[in-house]
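What follows is a single structure, written as C-alpha coordinates, with notes after it.
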Amino acid sequence: MTPLELTGRARTHIVEISEPPCALHAAAVAPFLNLRRAARSEGFDLVPVSSFRDFARQLAIWNAKFSGEKPLYDADGRTLEAVRLAPEERVAAILRWSALPGASRHHWGTDLDLIDREAMASGYRVQLTAAEYAAEGPFGRLAHWLEDHAPRFGFFRPFRGVLSAVQSEPWHFSFAPLAESARRALTCETLREALQDAPLLGKECVLARLDDLHSRYVARIDWP
Ligand SMILES: [Zn+2]
(Lines give C-alpha, C1' and ligand atoms only; values in the text may rest on other atoms or scores of the structure.)
Protein backbone atom coordinates (compact mmCIF):
# COMPACT_ATOMS: atom_id res chain seq x y z
CA MET A 1 0.00 0.00 0.00
CA THR A 2 1.17 3.54 -0.76
CA PRO A 3 1.29 6.26 1.92
CA LEU A 4 -1.97 7.70 0.51
CA GLU A 5 -3.67 4.29 0.71
CA LEU A 6 -2.31 3.58 4.20
CA THR A 7 -3.80 6.83 5.50
CA GLY A 8 -7.17 6.54 3.77
CA ARG A 9 -6.49 9.39 1.34
CA ALA A 10 -6.72 7.12 -1.70
CA ARG A 11 -8.97 4.16 -2.42
CA THR A 12 -7.01 2.62 -5.27
CA HIS A 13 -6.58 -0.56 -3.18
CA ILE A 14 -10.33 -0.92 -2.50
CA VAL A 15 -13.08 -2.81 -4.31
CA GLU A 16 -16.79 -2.73 -3.52
CA ILE A 17 -18.85 -5.88 -3.33
CA SER A 18 -22.61 -6.08 -3.19
CA GLU A 19 -23.25 -9.27 -1.19
CA PRO A 20 -22.77 -8.53 1.58
CA PRO A 21 -22.44 -4.79 0.82
CA CYS A 22 -18.97 -3.62 1.82
CA ALA A 23 -15.71 -2.12 0.55
CA LEU A 24 -12.50 -4.10 1.08
CA HIS A 25 -8.89 -4.36 -0.03
CA ALA A 26 -8.95 -6.33 -3.30
CA ALA A 27 -6.90 -9.12 -1.73
CA ALA A 28 -9.10 -9.37 1.39
CA VAL A 29 -12.34 -10.07 -0.47
CA ALA A 30 -11.85 -13.81 -1.07
CA PRO A 31 -10.60 -14.52 2.48
CA PHE A 32 -13.58 -12.66 3.95
CA LEU A 33 -16.07 -14.48 1.69
CA ASN A 34 -14.49 -17.79 2.75
CA LEU A 35 -14.95 -16.87 6.41
CA ARG A 36 -18.54 -15.81 5.66
CA ARG A 37 -19.25 -19.12 3.91
CA ALA A 38 -17.93 -21.12 6.85
CA ALA A 39 -20.03 -18.98 9.23
CA ARG A 40 -23.07 -19.54 7.01
CA SER A 41 -22.75 -23.31 7.40
CA GLU A 42 -23.03 -22.81 11.17
CA GLY A 43 -26.19 -20.73 10.81
CA PHE A 44 -24.67 -17.22 10.99
CA ASP A 45 -25.30 -14.42 8.53
CA LEU A 46 -21.92 -12.74 8.94
CA VAL A 47 -21.91 -9.16 7.64
CA PRO A 48 -19.74 -6.11 8.24
CA VAL A 49 -21.37 -2.96 9.61
CA SER A 50 -18.13 -1.16 8.84
CA SER A 51 -15.39 -2.02 6.35
CA PHE A 52 -13.24 0.50 4.43
CA ARG A 53 -13.54 4.04 5.77
CA ASP A 54 -11.64 6.96 4.23
CA PHE A 55 -9.66 9.80 5.82
CA ALA A 56 -12.42 12.39 5.30
CA ARG A 57 -14.95 10.22 7.13
CA GLN A 58 -12.57 9.56 10.04
CA LEU A 59 -11.79 13.29 10.18
CA ALA A 60 -15.51 14.10 10.42
CA ILE A 61 -15.92 11.59 13.27
CA TRP A 62 -12.90 13.03 15.10
CA ASN A 63 -13.96 16.67 14.74
CA ALA A 64 -17.55 15.90 15.84
CA LYS A 65 -16.21 14.28 19.01
CA PHE A 66 -13.61 16.95 19.71
CA SER A 67 -16.17 19.73 19.37
CA GLY A 68 -18.74 17.94 21.54
CA GLU A 69 -21.19 17.52 18.66
CA LYS A 70 -20.97 13.72 19.15
CA PRO A 71 -20.74 12.18 22.65
CA LEU A 72 -17.48 11.07 24.23
CA TYR A 73 -17.29 8.12 26.61
CA ASP A 74 -15.04 7.09 29.46
CA ALA A 75 -13.68 3.54 29.82
CA ASP A 76 -16.97 2.38 31.40
CA GLY A 77 -19.12 3.86 28.67
CA ARG A 78 -20.30 6.87 30.71
CA THR A 79 -20.80 10.09 28.74
CA LEU A 80 -18.13 12.80 29.08
CA GLU A 81 -18.67 16.45 28.26
CA ALA A 82 -16.05 17.43 25.70
CA VAL A 83 -16.22 21.13 26.47
CA ARG A 84 -15.27 20.51 30.11
CA LEU A 85 -12.11 18.63 29.16
CA ALA A 86 -8.71 20.13 28.35
CA PRO A 87 -7.55 19.41 24.78
CA GLU A 88 -5.20 16.61 25.85
CA GLU A 89 -7.99 14.97 27.88
CA ARG A 90 -10.33 15.23 24.89
CA VAL A 91 -7.72 13.60 22.65
CA ALA A 92 -7.27 10.74 25.13
CA ALA A 93 -11.04 10.25 25.45
CA ILE A 94 -11.55 10.14 21.67
CA LEU A 95 -8.68 7.70 21.14
CA ARG A 96 -10.15 5.23 23.61
CA TRP A 97 -12.88 4.44 21.06
CA SER A 98 -11.92 6.11 17.77
CA ALA A 99 -8.75 6.34 15.71
CA LEU A 100 -6.95 9.42 14.54
CA PRO A 101 -7.73 10.23 10.90
CA GLY A 102 -4.93 8.61 8.90
CA ALA A 103 -4.43 5.94 11.58
CA SER A 104 -7.63 3.92 11.36
CA ARG A 105 -7.11 0.29 10.41
CA HIS A 106 -10.34 0.68 8.43
CA HIS A 107 -8.35 2.81 5.94
CA TRP A 108 -6.56 -0.34 4.79
CA GLY A 109 -9.66 -2.28 3.73
CA THR A 110 -8.35 -5.19 5.79
CA ASP A 111 -10.47 -4.61 8.89
CA LEU A 112 -14.19 -5.13 9.50
CA ASP A 113 -16.71 -4.69 12.30
CA LEU A 114 -18.75 -7.89 12.20
CA ILE A 115 -22.28 -8.80 13.26
CA ASP A 116 -24.65 -11.74 12.77
CA ARG A 117 -27.65 -10.47 10.81
CA GLU A 118 -29.42 -13.74 11.60
CA ALA A 119 -29.38 -13.02 15.36
CA MET A 120 -31.03 -9.61 15.08
CA ALA A 121 -34.65 -9.08 15.99
CA SER A 122 -36.44 -7.03 13.33
CA GLY A 123 -35.80 -3.32 13.83
CA TYR A 124 -32.82 -4.00 16.10
CA ARG A 125 -30.23 -1.23 16.03
CA VAL A 126 -26.62 -2.41 16.29
CA GLN A 127 -24.62 -0.39 18.82
CA LEU A 128 -21.28 -2.26 18.91
CA THR A 129 -21.07 -2.62 22.66
CA ALA A 130 -19.32 -5.26 24.77
CA ALA A 131 -22.73 -6.41 26.08
CA GLU A 132 -23.90 -7.37 22.60
CA TYR A 133 -20.90 -9.71 22.22
CA ALA A 134 -21.03 -11.14 25.74
CA ALA A 135 -22.31 -14.72 26.13
CA GLU A 136 -25.95 -13.59 26.70
CA GLY A 137 -25.85 -10.87 24.02
CA PRO A 138 -27.33 -11.21 20.52
CA PHE A 139 -23.85 -11.70 19.02
CA GLY A 140 -22.43 -13.85 21.84
CA ARG A 141 -22.65 -17.06 19.84
CA LEU A 142 -20.95 -15.40 16.86
CA ALA A 143 -18.15 -14.00 19.05
CA HIS A 144 -17.51 -17.46 20.41
CA TRP A 145 -17.45 -19.03 16.95
CA LEU A 146 -15.14 -16.34 15.54
CA GLU A 147 -12.75 -16.77 18.43
CA ASP A 148 -12.31 -20.42 17.44
CA HIS A 149 -12.53 -20.21 13.66
CA ALA A 150 -11.50 -16.76 12.35
CA PRO A 151 -7.74 -17.47 12.68
CA ARG A 152 -8.04 -20.38 10.22
CA PHE A 153 -9.08 -17.80 7.59
CA GLY A 154 -6.33 -15.30 8.52
CA PHE A 155 -8.49 -13.04 10.69
CA PHE A 156 -7.65 -11.91 14.23
CA ARG A 157 -8.69 -9.28 16.80
CA PRO A 158 -6.18 -6.41 17.10
CA PHE A 159 -8.06 -4.69 19.96
CA ARG A 160 -8.40 -6.88 23.03
CA GLY A 161 -7.67 -4.16 25.56
CA VAL A 162 -4.42 -5.87 26.60
CA LEU A 163 -1.43 -4.34 24.81
CA SER A 164 -3.29 -1.88 22.60
CA ALA A 165 -4.48 1.30 24.34
CA VAL A 166 -7.71 1.03 22.34
CA GLN A 167 -10.65 -0.45 24.31
CA SER A 168 -11.49 -4.09 23.69
CA GLU A 169 -13.57 -4.32 20.50
CA PRO A 170 -14.92 -7.89 20.16
CA TRP A 171 -16.55 -6.94 16.81
CA HIS A 172 -13.37 -5.72 15.10
CA PHE A 173 -11.52 -8.31 12.96
CA SER A 174 -8.48 -7.84 10.79
CA PHE A 175 -7.02 -9.83 7.90
CA ALA A 176 -3.51 -10.39 9.23
CA PRO A 177 -1.55 -11.16 6.03
CA LEU A 178 -2.31 -7.69 4.62
CA ALA A 179 -2.88 -5.71 7.80
CA GLU A 180 0.44 -6.66 9.36
CA SER A 181 2.46 -5.18 6.51
CA ALA A 182 0.22 -2.08 6.56
CA ARG A 183 0.79 -1.65 10.29
CA ARG A 184 4.55 -1.78 9.81
CA ALA A 185 4.43 0.58 6.82
CA LEU A 186 2.34 3.21 8.63
CA THR A 187 5.18 5.02 10.39
CA CYS A 188 4.78 8.01 12.65
CA GLU A 189 6.23 10.19 9.88
CA THR A 190 3.69 8.96 7.32
CA LEU A 191 0.90 9.74 9.79
CA ARG A 192 2.37 13.18 10.57
CA GLU A 193 2.49 13.98 6.88
CA ALA A 194 -1.21 13.05 6.52
CA LEU A 195 -2.26 15.22 9.47
CA GLN A 196 -0.02 18.23 8.91
CA ASP A 197 -2.36 20.08 6.55
CA ALA A 198 -5.68 18.52 7.57
CA PRO A 199 -8.41 20.61 9.27
CA LEU A 200 -8.10 18.50 12.43
CA LEU A 201 -9.46 19.93 15.69
CA GLY A 202 -6.87 19.69 18.47
CA LYS A 203 -4.11 19.37 15.87
CA GLU A 204 -1.46 21.18 17.89
CA CYS A 205 -2.03 18.87 20.83
CA VAL A 206 -2.03 15.77 18.61
CA LEU A 207 1.13 16.66 16.68
CA ALA A 208 3.01 17.53 19.89
CA ARG A 209 2.47 13.96 21.18
CA LEU A 210 2.31 12.07 17.92
CA ASP A 211 5.25 9.73 18.65
CA ASP A 212 3.58 8.53 21.83
CA LEU A 213 0.09 8.30 20.28
CA HIS A 214 1.45 6.38 17.30
CA SER A 215 3.21 3.83 19.48
CA ARG A 216 0.28 3.27 21.87
CA TYR A 217 -2.66 3.35 19.47
CA VAL A 218 -1.22 2.30 16.08
CA ALA A 219 1.98 0.29 16.43
CA ARG A 220 1.00 -1.75 19.48
CA ILE A 221 -1.80 -4.26 18.92
CA ASP A 222 -3.04 -7.45 20.51
CA TRP A 223 -2.52 -10.95 19.19
CA PRO A 224 -4.64 -14.00 19.95
ZN1 LIG B 1 -13.63 -1.34 13.70
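Worth pointing out:
A quick yes/no check of all residues on (1) at pLDDT 95 or above; (2) of a type in the set (A, V, I, L, M, F, W, C); (3) out of contact with any His (no Cβ under 7 Å at 6 or more places or on another chain); (4) more than 13 Å from SER104 (Cβ to Cβ):
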position	(1), (2), (3), (4)
GLN167	no, no, yes, yes
SER174	yes, no, yes, no
SER181	yes, no, yes, yes
CYS188	yes, yes, no, yes
LEU191	yes, yes, no, no
LEU195	yes, yes, yes, no
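- Any hit, segment 30-44, residues being at pLDDT 95 or above and either in contact with a Lys or Arg (Cβ under 6 Å, 6 or more places away or on another chain) or among the β-branched types (Val, Ile, Thr) (or both): no
- In segment 182-202, the residue that is nearest to the chain's Cα centre (by Cα) out of those that are of a type outside the set (A, V, I, L, M), surrounded by fewer than 16 Cβ atoms within 10 Å (Cβ to Cβ) and outside any loop (DSSP other than H, G, I, E, B) is ARG184.
- Applying the criterion of at least 3 residues that are within 14 Å of the ligand (Cβ to nearest atom) to the helices (runs of 4 or more DSSP H) found wholly in segment 16-118 leaves 55-66, 87-97.
- Condition met for LEU142 (in contact with an Asp or Glu (Cβ under 8 Å, 6 or more places away or on another chain), assigned to a loop (DSSP other than H, G, I, E, B) and over 23 Å from LYS65 (Cβ atoms)): no
- Looking across segment 33-67 at every residue that is in contact with a Leu (Cβ under 8 Å, 6 or more places away or on another chain) and without any contact (Cβ under 8 Å) to a residue 60 or more places away in the chain, the one that is surrounded by the fewest Cβ atoms within 10 Å (Cβ to Cβ) is identified as ARG40.
- Qualifying residue in segment 143-156 (condition: in contact with a Gly (Cβ under 6 Å, 6 or more places away or on another chain), without any contact (Cβ under 8 Å) to a residue 40 or more places away in the chain, closer than 26 Å to ARG78 by Cα and of a type outside the set (Lys, Arg)): no
- Residue check for GLY161: within 16 Å of the ligand (Cβ to nearest atom), in a loop (DSSP other than H, G, I, E, B) and at positive phi: yes
- Restricting segment 126-142 to residues that are of a type in the set (A, V, I, L, M) and at pLDDT 95 or above leaves a set whose member that is nearest to the ligand (Cβ to nearest atom) is VAL126.
The values are calculated or read from the model by the stated rules, or taken from the named source; none is laboratory data. Being a predicted model, the structure only gives us computed values, none of them experimental. Heads up, the Cβs are rebuilt from the backbone with ideal geometry, glycines too, and the neighbour counts pull from every protein chain shown.
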